[in-house]
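Written below as structure tokens is the structure these notes are about.
The values are calculated or read from the model by the stated rules, or taken from the named source; none is laboratory data. As the structure is a computational prediction, the values presented were derived from the model and not from experiment. When we count neighbours, we look across all protein chains shown, and the Cβ atoms used for this are built from the backbone with ideal geometry, even at glycine.
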């Protein structure tokens, strides 16, 4: 078994390109080797800003041989009646380099055909790699690629060298006009000379001698240890920021960290602004006290250690001082502006060409929020909801958010607090963007939850109303994320108002802009939410058929959907559940085409069989209890009570002909089945449950 080392050495790659490119390399190498029947061990990916590397252990020296079957012409055209081979049989054997005697006859649906067993002998791995690797390089996806010099190939950045070793053997292949070899490059400044790698096993150590830590996790651990040590010396702790750590790790090849400071007067600016200025523009780590307060310090990670790191730190301080001065100027200028005046400025910010400006969206959010709050008894909460909705987007025209867009909502809270708005209103302005990502934090306040739902529903309804539905991987307005956010918030806060009524109310605010009838758009949006709910329930362990069955029974109350699904999932564990579901499916199938309005009340005196009398009495006795349990969302108890009538339902179907010739008898029996279906159809549609 051999080790394979494959490296693409480049000019500095953007940090965000490296990990996706390495993941693609690993995936494509694994797939290509499997297709080529080359066995191998673990695949390790490594990288720096100047190289993408794959190391594969225990690779076979040649392909596995395979035997396959090739089908030729029908026997009737390939042989004479006496068995003498004709031209088609001879040519078939010649095509595959076989003797005529190797042909055998195989029966197939369309008749007897000539067949040959062909053995593909395994080729050397080296031969396969020479053909495979150029296409592997071409398949690496990048957001943007470039040409350089007169080279016809494209890559994220100019490629400096290609290296491929199978143990100690150099695999020579061409990519464009470049040819692979054993040469790679060391650190740009500390070891600018080319170095020769003798074998895959020495690759990591050879590069470390050339001041390159190629192992990403090792480099990250090195940085983490350094910045923690520097923070301890400053008397603080590094603000936890895994994303920034990943970015910095892919910006350097040989990390060297230093700490710096900035003037205390900058601390009058909100810490979120200072941290963003350090993080976004400079990739500096913030330092905090043990209780989380920002210290006037930072830590920078450099790509090159120097003798005088204090000099490097002073350079960082000069750059950061300019950044923080700008941030402080923007913040102070924003504080001088009235919040309501800022809302008026939203009239000049476009949300969507046909849906109008952000100001128009703000008005719609406020109307929908007030609609959702209308049934509340607390006038103070109602006023907070209306005010928070009005101010929810005001910070989008602030200078700080213009400079740091990621602070939207956060700065809205800060400005509201400075303007002495109620703390609930200020918190809701920040929270209404939540959740910002899958599994993200939800609004902590009721007001924030209402504004968040209204904002997301407005976006979903606006886009669907214009026909801008998400398709496949295309979801430019992040409607799926926003739909999931609405569902999660309603579920977490047990908000029971009707999802469909909310959608309809939102659409009425843009009814003149709809590109399809209102009823159709409502149906599209409810189907959209139904799909989201099925996916969320599947992820939480609820089977798809249960999810579909409870959603088919109604989507008005989101928290109840989960309660119904959980109760039904629990009942499904009962050994008798399949028989129960079959009985209720049969009930549903019989009354499916019946117009319930045409049925007359049951006349108990016309029952002929004990089974129908017993079922009627049982159904009547549990009806009130079941409806009470359902109204109290005690679905597990309701289902157990409904399940108790299953024996009577089975006896009814065994002894009674439902579709009797006597119209009064048939009416009685159909009405009885309708009453039974009314017990469970508020919980689930049993016809959707698979056996």
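The figures follow:
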quantity: Any hit, segment 328-345, residues being touching a helix residue (DSSP H, G or I) at 6+ places or on another chain (Cβ under 7 Å), crowded, with 18+ Cβ neighbours inside 10 Å and within 19 Å of residue 509 (Cα to Cα); calculated: no
quantity: Residue within segment 423-434 that is in a loop (DSSP other than H, G, I, E, B), at positive phi and out of contact with any strand residue (DSSP E or B) (no Cβ under 8 Å at 6 or more places or on another chain) present; calculated: no
quantity: Any chance residue 442 is in a loop (DSSP other than H, G, I, E, B), within 27 Å of residue 507 (Cβ to Cβ) and at pLDDT 95 or above; calculated: yes
quantity: Which listed residue is touching a residue at least 60 places away in the same chain (Cβ under 8 Å), in a helix (DSSP H, G or I) and buried (at least 21 other Cβ atoms within 10 Å of the Cβ), from 214, 273; calculated: 273
quantity: So residue 380, is it more than 30 Å from the chain's Cα centre (by Cα), outside any helix (DSSP H, G or I) and at pLDDT below 95; calculated: no
quantity: Within segment 611-670, tally of residues that are part of a helix (DSSP H, G or I) and closer than 26 Å to residue 575 by Cβ; calculated: 30
quantity: Selection from segment 92-105 of residues that are out of contact with any helix residue (DSSP H, G or I) (no Cβ under 9 Å at 6 or more places or on another chain) and either within 12 Å of residue 117 (Cβ to Cβ) or surrounded by 13 or more Cβ atoms within 10 Å (Cβ to Cβ) (or both); calculated: 104
quantity: Index of the failed condition, residue 251 passing every other in (1) crowded, with 21+ Cβ neighbours inside 10 Å; (2) in a loop (DSSP other than H, G, I, E, B); (3) touching a helix residue (DSSP H, G or I) at 6+ places or on another chain (Cβ under 6 Å); calculated: (1)
quantity: Qualifying residue in segment 293-300 (condition: more than 27 Å from residue 417 (Cα to Cα) and exposed (fewer than 14 other Cβ atoms within 10 Å of the Cβ)); calculated: no
quantity: For residue 46: the one exception among (1) under 30 Å from residue 223 (Cβ atoms); (2) touching a residue at least 12 places away in the same chain (Cβ under 8 Å); (3) out of contact with any helix residue (DSSP H, G or I) (no Cβ under 9 Å at 6 or more places or on another chain); calculated: (3)
quantity: Residue check, residue 492 surrounded by fewer than 19 Cβ atoms within 10 Å (Cβ to Cβ), over 26 Å from residue 678 (Cβ atoms), in contact (Cβ under 8 Å) with a residue 40 or more places away in the chain and assigned by TED's automatic domain parsing to the domain that holds residue 354; calculated: yes
quantity: Filter result for residue 25 (part of a helix (DSSP H, G or I), surrounded by 20 or more Cβ atoms within 10 Å (Cβ to Cβ) and more than 28 Å from the chain's Cα centre (by Cα)); calculated: no
quantity: Matching option when the condition is within 42 Å of the chain's Cα centre (by Cα), in contact (Cβ under 8 Å) with a residue 60 or more places away in the chain and in the same structural domain as residue 672 (by TED's automatic domain parsing), among 636, 650; calculated: 636
quantity: Scope segment 536-558; condition more than 19 Å from residue 498 (Cβ to Cβ), free of Cβ contacts under 8 Å to residues at least 24 places away in the same chain and assigned to a helix (DSSP H, G or I); matching residues; calculated: 538, 539, 544, 547
quantity: Residue match in segment 361-368 (condition: in a helix (DSSP H, G or I), over 27 Å from residue 281 (Cβ atoms), in contact with a strand residue (DSSP E or B) (Cβ under 7 Å, 6 or more places away or on another chain) and in contact (Cβ under 8 Å) with a residue 24 or more places away in the chain); calculated: yes
quantity: Selection count, segment 107-144, where residues are farther than 29 Å from residue 40 by Cβ and either in contact with a strand residue (DSSP E or B) (Cβ under 9 Å, 6 or more places away or on another chain) or not in a loop (DSSP other than H, G, I, E, B) (or both); calculated: 9
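Rundown of residues vs (1) under 49 Å from the mean Cα position of the chain (by Cα); (2) under 15 Å from residue 686 (Cα atoms); (3) without any contact (Cβ under 8 Å) to a residue 12 or more places away in the chain; (4) assigned by TED's automatic domain parsing to the domain that holds residue 495, yes/no style:
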{"residue": "578", "(1), (2), (3), (4)": "yes, yes, no, no"}
{"residue": "590", "(1), (2), (3), (4)": "yes, yes, no, no"}
{"residue": "596", "(1), (2), (3), (4)": "yes, no, no, no"}
{"residue": "613", "(1), (2), (3), (4)": "no, no, yes, no"}
{"residue": "616", "(1), (2), (3), (4)": "no, no, no, no"}
{"residue": "632", "(1), (2), (3), (4)": "yes, no, yes, no"}
{"residue": "644", "(1), (2), (3), (4)": "yes, no, no, no"}
{"residue": "656", "(1), (2), (3), (4)": "no, no, no, no"}
{"residue": "668", "(1), (2), (3), (4)": "no, no, no, no"}
